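No value in this document is a laboratory result; all are computed from the given coordinates. These numbers come from a predicted model, not from an experiment. Counting neighbours? That spans all protein chains shown, and the Cβs are built from the backbone with ideal geometry, glycine included.
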Amino acid sequence: MDRLLTVTMVLSLALIVVVLIAVRRAHIRVEYSVSWLGAAVILLVLSSERWLLDGLAGVLGIGDPPLALLFATFGVFLLVFYRFSLILSHLKDANIALTQRLAILEYHVRSQQSAK
Amino acid sequence: MKPVAGPHSLLVIIPAFNEEGAVGFVVGEVRQVLPQAGVLVIDDCSADSTADLARLAGAEVLSLPYHLGLGGCVQAGYKLAFELGYQYVIRIDGDGQHDPRDIPKILAVLQESRCQMVIGSRFLEGDHNHTSFLRGLGIRLFRLLLRPILGRPVRDPTSGFVGVNRQALAVFSRSFPLEYPEIEALVVLQRKAFRFQEVPCRMRPRRAGRSTITAMRSIYFILHVLLGVFVNILKYEGRRRKS
């Protein structure tokens, strides 16, 4: 149990460091780093504050706190992926609209040029 | 192509992706049948000479800088047609499967009926020759599914030979399904309380190239469209209305 908590704590810290470096190098935009940082902080707090993990296990009705930690990890990352699906869908819609608009504008420009 | 405002203005749109083997012939046929109509080929970022051959055959070409797939490609054509003021738009495939001699029939029904959409159906006169087993199965499934949703039967829900009037054009230029759009487009129309009609049309073998719909894709197609239909039924329109 203690080893699992330590590993989770180390992985959470590593995730925070990796994301902060990526943000600093402009590999991830700040607004998209929030989900990862939030997920990492939640896992860090759960793995470092045993009473919180026990409380979560009690709320979820799970007798085994490590199982509650795995459940929480799964839930947190599910939320992160869901958020990124929303962002991706929005970006795809925007890309399609922009591609169509660009094609139409190019069409108008070519039409005007050939009319001259 | 200049903006047009005539009450009978017609644009024939031909979405094309790597159709250099057929697009010139299709454009030539359309121009022969309807010399007064505008012909627009929407080139979905083809890697071959589709755009050049379409221009050579006398069509206007709308070239997409990225490959968008059929729905995005057709919607680009609808958007341009709407901006240019066309009253009627008829879409035919760029592979030569649709016979342009059927276009006047579709146009006449569009003009005379109060329908917003007219579908060129290959099944009204019993032609099943050019449909694979899986696709045929999918079509039967969608007929069953769409009947209660649309409140009436539709014989050929996957037909890409489709005419729309300006009302439907306004809707589709704002919202049009991306992949395999034909069936979902019917649901979009139904949600607007629009009407459609089917007219019998001939279907010919492809002039060149191969269909992108393989057996595996047919299964994906069925699942994708099933999901798309239900999503369109449930779709929340508030955000779109606001924008």
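Quick one: in region B:46-55, which of the residues that are among the polar types (S, T, N, Q) and in a loop (DSSP other than H, G, I, E, B) is farthest from the other protein chains (Cβ to nearest Cβ)? Explain how you work it out, then say what you get.
Residues of region B:46-55 among the polar types (S, T, N, Q): B:46, B:49-50.
Restricting the remaining residues to those that are in a loop (DSSP other than H, G, I, E, B) gives B:46, B:49.
Values: B:Ser46: 13, B:Ser49: 17 Å.
In this case the residue turns out to be B:Ser49.
Suppose we keep only residues that are free of Cβ contacts under 8 Å to residues at least 12 places away in the same chain and touching a Ser or Thr at 6+ places or on another chain (Cβ under 9 Å) within region A:82-109. Which one would you say is surrounded by the fewest Cβ atoms within 10 Å (Cβ to Cβ)?
Looking only at region A:82-109, we keep the residues that are free of Cβ contacts under 8 Å to residues at least 12 places away in the same chain, and these are A:82, A:85-86, A:88-109.
Going one step further and asking which of them are touching a Ser or Thr at 6+ places or on another chain (Cβ under 9 Å), we end up with A:103, A:106-107.
Numbers: A:Ala103: 26, A:Glu106: 14, A:Tyr107: 21.
The qualifying residue surrounded by the fewest Cβ atoms within 10 Å (Cβ to Cβ) is A:Glu106.
Just one of the numbered conditions (1) more than 13 Å from chain A (Cβ to nearest Cβ); (2) on the phi < 0 side of the Ramachandran plot is not true of B:Gly58; which one?
B:Gly58 satisfies all of (1) more than 13 Å from chain A (Cβ to nearest Cβ); (2) on the phi < 0 side of the Ramachandran plot except (2).
Does A:Ala72 satisfy being surrounded by 14 or more Cβ atoms within 10 Å (Cβ to Cβ), farther than 28 Å from B:His67 by Cβ and either without any contact (Cβ under 8 Å) to a residue 24 or more places away in the chain or touching a Pro at 6+ places or on another chain (Cβ under 9 Å) (or both)? Don't jump to the end; show me each part of the working.
Working: surrounded by 14 or more Cβ atoms within 10 Å (Cβ to Cβ): yes; farther than 28 Å from B:His67 by Cβ: yes; either without any contact (Cβ under 8 Å) to a residue 24 or more places away in the chain or touching a Pro at 6+ places or on another chain (Cβ under 9 Å) (or both): no.
In short, no.
For region B:62-79, which positions are more than 8 Å from chain A (Cβ to nearest Cβ) and surrounded by fewer than 24 Cβ atoms within 10 Å (Cβ to Cβ)? Before the answer, list the steps.
As a first pass, look at region B:62-79 and keep what is more than 8 Å from chain A (Cβ to nearest Cβ): B:67, B:69-71, B:73-74, B:77-78.
Those that are more than 8 Å from chain A (Cβ to nearest Cβ) and surrounded by fewer than 24 Cβ atoms within 10 Å (Cβ to Cβ): B:His67, B:Gly69, B:Leu70, B:Gly71.
Please determine, by comparing only the residues of region A:60-69 that are part of a helix (DSSP H, G or I) and free of Cβ contacts under 8 Å to residues at least 60 places away in the same chain, which one is surrounded by the most Cβ atoms within 10 Å (Cβ to Cβ). Spell out how you get there, then give the answer.
Restricting attention to region A:60-69, the residues satisfying the condition of being part of a helix (DSSP H, G or I) are A:60, A:65-69.
From the residues that got through so far, the ones that are free of Cβ contacts under 8 Å to residues at least 60 places away in the same chain too are A:60, A:67-68.
Values: A:Leu60: 13, A:Leu67: 12, A:Ala68: 21.
It comes out as A:Ala68.
I need the full set of residues from region B:80-96 which are away from every other protein chain (no Cβ under 12 Å), buried (at least 21 other Cβ atoms within 10 Å of the Cβ) and on the phi < 0 side of the Ramachandran plot, in order please.
Restricting attention to region B:80-96, the residues satisfying the condition of being away from every other protein chain (no Cβ under 12 Å) are B:85-96.
Imposing the further condition that a residue be buried (at least 21 other Cβ atoms within 10 Å of the Cβ) reduces the set to B:86, B:88-92, B:94-96.
Across region B:80-96, the qualifying residues are B:Tyr86, B:Tyr88, B:Val89, B:Ile90, B:Arg91, B:Ile92, B:Gly94, B:Asp95.
With A:Leu88, A:Leu98, A:Leu53 as the choices, which residue is in a helix (DSSP H, G or I) and under 18 Å from B:Phe176 (Cα atoms)? Let's see the steps before the verdict.
Values: A:Leu88 fails: under 18 Å from B:Phe176 (Cα atoms); A:Leu53 fails: under 18 Å from B:Phe176 (Cα atoms).
Going through A:Leu88, A:Leu98, A:Leu53 in turn, the sole match is A:Leu98.
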